[in-house]
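Engineer: Dropping a structure here in structure tokens format, bear with me for questions.
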Amino acid sequence: MYRRLAYVSRPQENLPVAQIQRIVALCRARNARDDITGVLAFTRHDFAQLIEGPRDAMDRLWSRIRADGRHHDITVLFDEPAEGRWCGDWRIGFPADPAIGESIAALRSARGPFDATAKANFLRLLNDCDPE
């Protein structure tokens, strides 16, 4: 059984691009080691991430994410058990289309549980961020 979690957060003000590069390098190594897959999108104004993997590894990762001072205002969109994966690896994307950034920012005010359609739309939104 896996755990799947999605959230949005705001980056620390004036977060240097070099910090993003360090996040990516560290995440790629740790996530591969811990069997974590998913997508991280960075818009300069927001992070949006979907992560999934074995429950114990996800618990450790989520503790690190919540304690990371490079972002704040974390809003969990959904956190659920999962029998399979939506993503085959872990990657990061930087949306070129400003409308994608606006859609990610709008998720902060999403209310109520994410139904299957909302989850599929969220995954599509992340995949539209031109992942590496």
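The values are calculated or read from the model by the stated rules, or taken from the named source; none is laboratory data. Please read all numbers here as calculations on a predicted model, not as lab measurements. Neighbour counts run over all protein chains shown; Cβ positions are idealised from the backbone, glycine included.
Engineer: Mind telling me which of the residues LEU61, LEU40, LEU26, LEU50 ends up being farther than 17 Å from CYS129 by Cβ, surrounded by 12 or more Cβ atoms within 10 Å (Cβ to Cβ) and among the aliphatic types (A, V, I, L, M)?
Structural biologist: Numbers: LEU40 fails: farther than 17 Å from CYS129 by Cβ; LEU26 fails: surrounded by 12 or more Cβ atoms within 10 Å (Cβ to Cβ); LEU50 fails: farther than 17 Å from CYS129 by Cβ.
Answer to the check: LEU61.
Engineer: Can you pull out every residue in the stretch 1-38 that is among the acidic types (Asp, Glu) and assigned to a helix (DSSP H, G or I)?
Structural biologist: ASP34 - this is the single residue of the stretch 1-38 that is among the acidic types (Asp, Glu) and assigned to a helix (DSSP H, G or I).
Engineer: Go through the residues of the stretch 83-105 one by one and say whether even a single one is basic (Lys, Arg), farther than 26 Å from MET1 by Cβ, in contact with a strand residue (DSSP E or B) (Cβ under 9 Å, 6 or more places away or on another chain) and modelled with pLDDT under 90.
Structural biologist: So far as the stretch 83-105 goes, no, none of its residues is basic (Lys, Arg), farther than 26 Å from MET1 by Cβ, in contact with a strand residue (DSSP E or B) (Cβ under 9 Å, 6 or more places away or on another chain) and modelled with pLDDT under 90.
Engineer: While we're looking at this one, here's another question. Quick one: in the stretch 77-132, of everything that is under 14 Å from the mean Cα position of the chain (by Cα) and of a type in the set (Val, Ile, Thr), which residue is nearest to ASP35 (Cα to Cα)?
Structural biologist: It comes out as ILE92.
Engineer: Which members of the stretch 45-68 meet the condition of being closer than 19 Å to ASN127 by Cβ, at pLDDT 95 or above and among the acidic types (Asp, Glu)?
Structural biologist: Correct list: GLU52 only.
Engineer: How many residues, within the stretch 51-82, are under 18 Å from ARG28 (Cβ atoms) and out of contact with any strand residue (DSSP E or B) (no Cβ under 8 Å at 6 or more places or on another chain)?
Structural biologist: Residues flagged as under 18 Å from ARG28 (Cβ atoms) and out of contact with any strand residue (DSSP E or B) (no Cβ under 8 Å at 6 or more places or on another chain) within the stretch 51-82 amount to 4.
Engineer: Considering every residue within the stretch 110-131, establish whether at least one is of a type in the set (Ser, Thr, Tyr), surrounded by 14 or more Cβ atoms within 10 Å (Cβ to Cβ) and under 17 Å from ALA6 (Cβ atoms).
Structural biologist: no
Engineer: Taking strands (runs of 3 or more DSSP E) that fall entirely within the stretch 39-132, which contain at least 2 residues that are over 20 Å from LEU15 (Cα atoms)? Before the answer, list the steps.
Structural biologist: Details: elements: 47-54, 71-82, 90-93.
Counting at least 2 such residues, we get 47-54, 71-82.
Engineer: Continuing with this model, one more query. Within the bounds of the stretch 11-21, is there any residue that is among the charged types (D, E, K, R), more than 20 Å from PHE114 (Cα to Cα) and either within 14 Å of the chain's Cα centre (by Cα) or surrounded by 12 or more Cβ atoms within 10 Å (Cβ to Cβ) (or both)?
Structural biologist: Filtering the stretch 11-21 down to residues among the charged types (D, E, K, R) leaves 13.
From what's left, more than 20 Å from PHE114 (Cα to Cα): 13.
Filter again for either within 14 Å of the chain's Cα centre (by Cα) or surrounded by 12 or more Cβ atoms within 10 Å (Cβ to Cβ) (or both), leaving none.
The answer is no; no qualifying residue exists.
Engineer: Please identify the pairs in which a residue from the stretch 24-36 that is at positive phi has its Cβ atom under 8 Å from the Cβ atom of a residue that is surrounded by 15 or more Cβ atoms within 10 Å (Cβ to Cβ) and assigned to a helix (DSSP H, G or I), counting only partners at least 6 apart or on another chain.
Structural biologist: That search, which allows pairs on different chains as well, returns ASP35/ALA57.
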